[in-house]
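Undergrad: Dumping the structure here so I can ask a few things about it.
The values are calculated or read from the model by the stated rules, or taken from the named source; none is laboratory data. No experiment lies behind these values; they were computed from the predicted model shown. Neighbour counts run over all protein chains shown; Cβ positions are idealised from the backbone, glycine included. Ligands, DNA and RNA are stripped out before the accessible areas are found, and what is left, the full protein with its side chains, is counted by its heavy atoms. Shrake-Rupley method; radii C 1.70, N 1.55, O 1.52, S 1.80 Å.
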Amino acid sequence: MQSKNTLCLWYDGTALEAANFYAETFPDSAVHAVHRAPGDYPAGKQGDVLTVEFTVMGIPCLGLNGGPGHPHSEAFSFQVATDDQAETDRLWNAIVGHGGQPSACGWCKDRWGLSWQITPRALTEAIADPDPAAARRAFEAMMTMGKIDIAAIEAARRG
């Protein structure tokens, strides 16, 4: 791998499946290399996929098939800034529709338990509005949502 800093994401035997999904779903994403175990290890056998080098939206990642002992948690997530409702819908629906789970305020989990924040730029701008009342209205609207509805956020911001 070329990067000096790489995210290592643990999977229970499904690193290649996850990396392929990310590469198919997100722009500037690809699977670069698959490395097989040279011998048996606690979570697998010789010849099993051990690690997968991939990028997600330009971020270098290493998927490690380390077994079930280290599940993903909400303490780590990818935050994806989207430009419009179509992109927001496409990414949210890809994650949730591929065995994932919806959550609140633009959060969802993929089928491997990795958390994603699908965050429209319009939301980020709205909750940072210099008018505290506009920011609060947008924030309160967001708090009622799963997938973010940009039109509803903008309407709340305007009052």
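Undergrad: Which members of the stretch 37-53 meet the condition of being open to solvent by 20 Å² or more (accessible area, probe 1.4 Å), in contact with a Gly (Cβ under 8 Å, 6 or more places away or on another chain), at pLDDT 95 or above and assigned to a loop (DSSP other than H, G, I, E, B)?
TA: Across the stretch 37-53, the qualifying residues are Gln46, Asp48.
Undergrad: Ok, one more. Glu87 passes all but one of (1) in contact with a strand residue (DSSP E or B) (Cβ under 6 Å, 6 or more places away or on another chain); (2) farther than 30 Å from His70 by Cα; (3) surrounded by 15 or more Cβ atoms within 10 Å (Cβ to Cβ); which number fails?
TA: Here Glu87 meets the rest and fails (1).
Undergrad: Which condition does Ser29 not pass, out of (1) surrounded by fewer than 16 Cβ atoms within 10 Å (Cβ to Cβ); (2) under 23 Å from Ile118 (Cα atoms), if it passes all the others?
TA: Among (1) surrounded by fewer than 16 Cβ atoms within 10 Å (Cβ to Cβ); (2) under 23 Å from Ile118 (Cα atoms), Ser29 violates only (1).
Undergrad: Also, quick follow-up: Going by the conditions given, is Asp129 open to solvent by less than 70 Å² (accessible area, probe 1.4 Å), farther than 19 Å from Ala156 by Cβ and not small (Gly, Ala, Ser)?
TA: no
Undergrad: Which ranges mark the helices (runs of 4 or more DSSP H) fully within the stretch 93-159 that have 1 or more residues being touching a residue at least 60 places away in the same chain (Cβ under 8 Å)?
TA: In the stretch 93-159, 150-158 are the helices (runs of 4 or more DSSP H) which contain 1 or more residues that are touching a residue at least 60 places away in the same chain (Cβ under 8 Å).
Undergrad: If you don't mind, there's one more thing I want to ask. Select, from Val80, Val34, the only residue that is surrounded by 11 or more Cβ atoms within 10 Å (Cβ to Cβ), over 29 Å from Thr119 (Cβ atoms) and at pLDDT 95 or above.
TA: It is Val34.
Undergrad: Moving on to the next point. Quick check on the stretch 38-58. Is at least one of its residues free of Cβ contacts under 8 Å to residues at least 24 places away in the same chain and polar (S, T, N, Q)?
TA: Yes: one or more hits.
Undergrad: Has the stretch 84-100 got any residue that is within 30 Å of Tyr41 (Cα to Cα) and in contact with a Leu (Cβ under 8 Å, 6 or more places away or on another chain)?
TA: no
Undergrad: A further question follows. Consider the stretch 105-123. How many of its residues are farther than 17 Å from Thr25 by Cα and either aliphatic (A, V, I, L, M) or open to solvent by 70 Å² or more (accessible area, probe 1.4 Å) (or both)?
TA: Of the residues in the stretch 105-123, 3 are farther than 17 Å from Thr25 by Cα and either aliphatic (A, V, I, L, M) or open to solvent by 70 Å² or more (accessible area, probe 1.4 Å) (or both).
Undergrad: Follow-up. Among the numbered conditions (1) touching a Lys or Arg at 6+ places or on another chain (Cβ under 9 Å); (2) modelled with pLDDT under 95; (3) open to solvent by less than 50 Å² (accessible area, probe 1.4 Å), tell me where Trp92 comes up short.
TA: (2) is the only condition that Trp92 fails.
Undergrad: Same structure, new question: Quickly run through the stretch 140-152 and pick out the residues that are farther than 12 Å from Gly106 by Cα and either β-branched (Val, Ile, Thr) or open to solvent by 70 Å² or more (accessible area, probe 1.4 Å) (or both).
TA: The one that is farther than 12 Å from Gly106 by Cα and either β-branched (Val, Ile, Thr) or open to solvent by 70 Å² or more (accessible area, probe 1.4 Å) (or both): Glu140.
Undergrad: Which of the residues spanning the stretch 1-16 are surrounded by fewer than 17 Cβ atoms within 10 Å (Cβ to Cβ) and touching a strand residue (DSSP E or B) at 6+ places or on another chain (Cβ under 8 Å)?
TA: Within the stretch 1-16, Met1, Gln2, Ser3, Asn5, Thr6, Leu7, Cys8, Asp12, Gly13, Thr14 meet the criteria.
Undergrad: For the stretch 63-77, enumerate the residues that are open to solvent by 50 Å² or more (accessible area, probe 1.4 Å) and polar (S, T, N, Q).
TA: Ser73
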